[in-house]
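What follows is calculated from the coordinates using simple rules that are stated; it is not laboratory data. It should be emphasised that the depicted structure is a prediction, and the values quoted were computed from it without experimental measurement. FYI the Cβ positions are ideal-geometry reconstructions off the backbone, even for glycines, and counts take in every protein chain you see.
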Amino acid sequence: MSAMLARVSEPTSYQAFQHFITHAPWDAEVVWRRLRARLPERAGILILDETSFPKSGPHSVGAARQYCGALGKVANCQVAVTAALWTRQRAWPVGALLYLPETWTSDPARRAAARIPLPVVFQEKWRLALTLVRRTRAAGLTLTAVVADAEYGDNRTVRQTLHRLRLPYALGISPTLTVFRGTPTLRVDRAQPPPRNRPDGWPDQAPVNVRALSDQLPARAWHRVSVSTGGEAASTHTLYYGVRNTVTALERRRPLGAIGTAVRRGAILATFGMHALTRPNRGEALGAVHEGFGDALAGRLGERGAGHLRGAA
């Protein structure tokens, strides 16, 4: 509490500040809305991330044994899903939502002790992230792209939602994520009776995980890319990437659309979603992700070694 008070431009007494934080009835979202309305920069790349707060006891709201990024391991902590607008100059915080594990939302005694409002129910982190995306757009901010790690990139609903919102994105993915190489053709096999057959048919190829896809890429698929780590004394590195269009899933009996999968030899980096845009805008979308993905993560997470995620040629 003292550290928070020290950062206030016009500090009041410690007791008054503690009452304001712990007991006074105020809505944090109202504060966030005012902040978003007053941002001097109105366009940029939205970074979805998580911030963890290590805790020594079980009484802080949402505290549980879960992965703690601040410690780099599973520990007792609180986790907030956060959003920041990267404008190539700085990252502006535009929202944060506390993640409440089900052990909190399903326990009436803990809810009562922590005074958790009745309308608050369990929400996965990806749902909180999409809420932040919608609130940021509702504030009139222009999102040139959305970036996040595999916590969100592996989630089909996140990718589908960004697709429907026509937002370019670069999301981390796990090596085990399965994709189709290219767009599969749906074929109906009349010899297969229901439920093994579907009216619109089955894909003519088997999905493959992106690790296997990476291992199958020929030498000509790899490209040398110059990478900036951000900052005034930015250094450059040389990495190799391969890019192939894939299809993530069959949704409503139709292919969702093509995405680009970027890989570094030995590591899967991200999936690039540009398929929701009209063809003339695809180059612009790729440019935004190509130039902004690494810069955004370097500016936000540089000390954590994410500055090499620049994009793919």
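For a quick check of your reading of the filter: which trypsin sites (Lys or Arg not before Pro) in the stretch 17-48 sit in a DSSP loop and have no more than 10 other Cβ atoms within 10 Å?
Arg38
What share of all Cα pairs of the stretch 31-140, in percent, falls into each consecutive 10 Å distance bin?
14, 39, 32, 14, 1
Around Arg135, with a cut-off of 9 angstrom between Cβ atoms, what is the net charge of the other residues, counting Lys and Arg +1 and Asp and Glu -1?
+3
Roughly speaking, what is the stretch gain from Met1 to Lys55, that is 0.36 nm per residue apart minus the C-alpha to C-alpha distance, in nm to one decimal?
Length gained between Met1 and Lys55: 18.0 nm.
For Gln205, project a label point 7 Å along Cα to C-beta. Then give me every residue of the stretch 142-166 with its amide nitrogen under 17 Å of that point.
Output list for this probe position: empty.
Any chance you could check the Cα centroid distance between the stretch 20-53 and the stretch 79-93 for me, in angstrom?
10
Between His23 and Glu124, what length in nm is gained on full extension when 0.36 nm per residue of separation is reduced by their alpha carbon distance?
33.7 nm
Which net charge results for the neighbourhood of Tyr67, defined as the other residues with beta-carbon distances under 12 angstrom from its beta-carbon, given Lys and Arg at +1 and Asp and Glu at -1?
Surrounding charge for Tyr67 is 0.
What's the FRET efficiency of Val31 with Asn76 using the Cβ-Cβ distance as r and R₀ = 35 Å, to the nearest 0.05?
Efficiency for this residue pair is about 0.80.
At a Förster distance of 41 Å, what's the computed FRET efficiency of Ala112 paired with Arg90, Cβ-Cβ distance as r, to 0.05?
Between Ala112 and Arg90 the formula returns 0.50.
Could you work out, for the stretch 1-85, what percent of all Cα-Cα pairs fall into each 10 Å distance bin, beginning at 0 Å and stopping at the bin that holds the largest distance?
Binned Cα distances yield the sequence 14, 31, 40, 15, 0.
Between Leu186 and Arg166, with labels modelled 7 Å along Cα→Cβ, what's the label distance in nm to one decimal, could you check?
With each label placed 7 Å out from Cα toward Cβ, I get 2.4 nm.
Please compute, over every Cα-Cα pair in the stretch 105-152, the percentage with a separation greater than 14 angstrom.
64
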